[in-house]
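Values quoted throughout were computed directly from the atomic coordinates according to the rules given, and no laboratory measurement underlies them. Bear in mind that the values here come from a model prediction, so they are computed numbers and not experimental data. Here the Cβ positions follow ideal geometry from the backbone for every residue, glycine too, while neighbour counts run over all protein chains shown.
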Amino acid sequence: MPDIREAKILIVATDGFEESELTVPQTKLKEAGAKVTVASPQSRQSKDAIRGWDKTDWGKNVPVDLDIESVNPADYDALVLPGGQINPDKLRLEPKALEVVRAFLTSGKVVAAICHGPWLLIEAGAVRGRSLTSFASIKTDVINAGGNWQDKEVVTDSGIITSRNPGDLDAFCAKIIEEVKEGRHEPRQLAA
């Protein structure tokens, strides 16, 4: 994918996403020219919107474009997984969410996860032998899953992009754009 203006980006989230970790990439990727779609499990949302978490309390609602059950990963060039404690913890219990994450990973497409978002990478079996970062409180989870945890604002390993927290969003978004322009990577093997 040589041009971000031709890219289709999927953001998968549910209630409890860290507000800035969804809205900042959504805005920056749209400003770069990408088409951005937000998908969520319909059974977990109300009124076609999901509710963010803004640091210490509930934040704004973000409209949902698509029920995750209707997602076809082949239609997208990259996947973004916002963090927050609540959002990825709920999503890793959703079979369709994990199916989507695994499809992006095994296809070699760009996958970007921030904060607690790497919990979904762990659940999908994508961490063993890879370098990544996350929110500090799940460092041990990453290490126990076989990952090489690094304390950096953004870490990329074969098109899997990870960042630690909202303070890393500028680097996170820039790396997503760079990796999308670079194109697909080799298909990734997932742990059983």
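Let's see if you can work this out: charge +1 on each Lys and Arg Cβ, -1 on each Asp and Glu Cβ, no other charges. What is the dipole magnitude of the stretch 1-156 about its Cα centre, in debye to the nearest 20?
Magnitude of the dipole: close to 220 debye.
Within the chain, what's the longest run with no trypsin sites (Lys or Arg not before Pro) in a DSSP loop and at most 11 other beta-carbon atoms within 10 Å? Give the range, please.
Longest gap between qualifying sites, sites excluded: 56-192.
Collect residues whose amide H, placed 1.01 Å from N in the peptide plane, falls under 5 Å from the amide H of residue 130; neighbours closer than 5 in sequence don't count.
Sorted by chain and number, the residues that satisfy this are 148.
Please work out how much length the chain gains when fully extended from residue 70 to residue 153, using 0.36 nm per residue of separation minus the C-alpha to C-alpha distance, in nm with one decimal.
So the extension gain works out to 26.6 nm.
Once you've got the GNM for the chain with C-alpha springs shorter than 10 Å, pick whichever of 79, 93, 66 has the biggest mean-square fluctuation.
Maximum among the listed residues: 93.
Write down the Å³ per residue value for the convex hull defined by the alpha carbon atoms of the stretch 4-182.
It is 95 Å³ per residue.
What number comes out for the charge environment of residue 114, summing +1 per Lys or Arg and -1 per Asp or Glu over other residues with Cβ under 11 Å away?
-2
Below 23 Å, Cα to Cα, which lysines can residue 152 reach? Residues fewer than 8 away in the same chain don't count.
The reachable lysines, counting only those whose Cα sits under 23 Å from residue 152, are 28, 55, 109, 139, 175, 181.
Report the convex hull volume per residue for the stretch 15-97, counting only C-alpha atoms, in Å³.
89
Let me know the Kirkwood hydrodynamic radius for the stretch 113-192, please, with Cα pairs as the basis and the value in Å to one decimal.
About 12.4 Å for the stretch 113-192.
Please name whichever of 118, 83, 17 sits farthest to the positive end of the charge dipole of the chain, dipole taken about the Cα centre and charges placed at Cβ: Lys and Arg +1, Asp and Glu -1.
Of 118, 83, 17, it is 118.
Tell me the mean residue ellipticity at 222 nm calculated for the chain from its helices only (DSSP H runs of n ≥ 4, each -39500 (n - 2.57), averaged over every residue, nearest 500). The partial results should precede the final answer.
Working: 6 runs with 58 residues, N = 192.
The helix contribution divided over the chain gives -9000 deg cm²/dmol.
Rank 34, 147, 97 by how far each Cα sits towards the positive end of the charge dipole of the chain (+1 on Lys, Arg Cβ; -1 on Asp, Glu Cβ) and give me just the farthest.
My answer, from the dipole projection, is 147.
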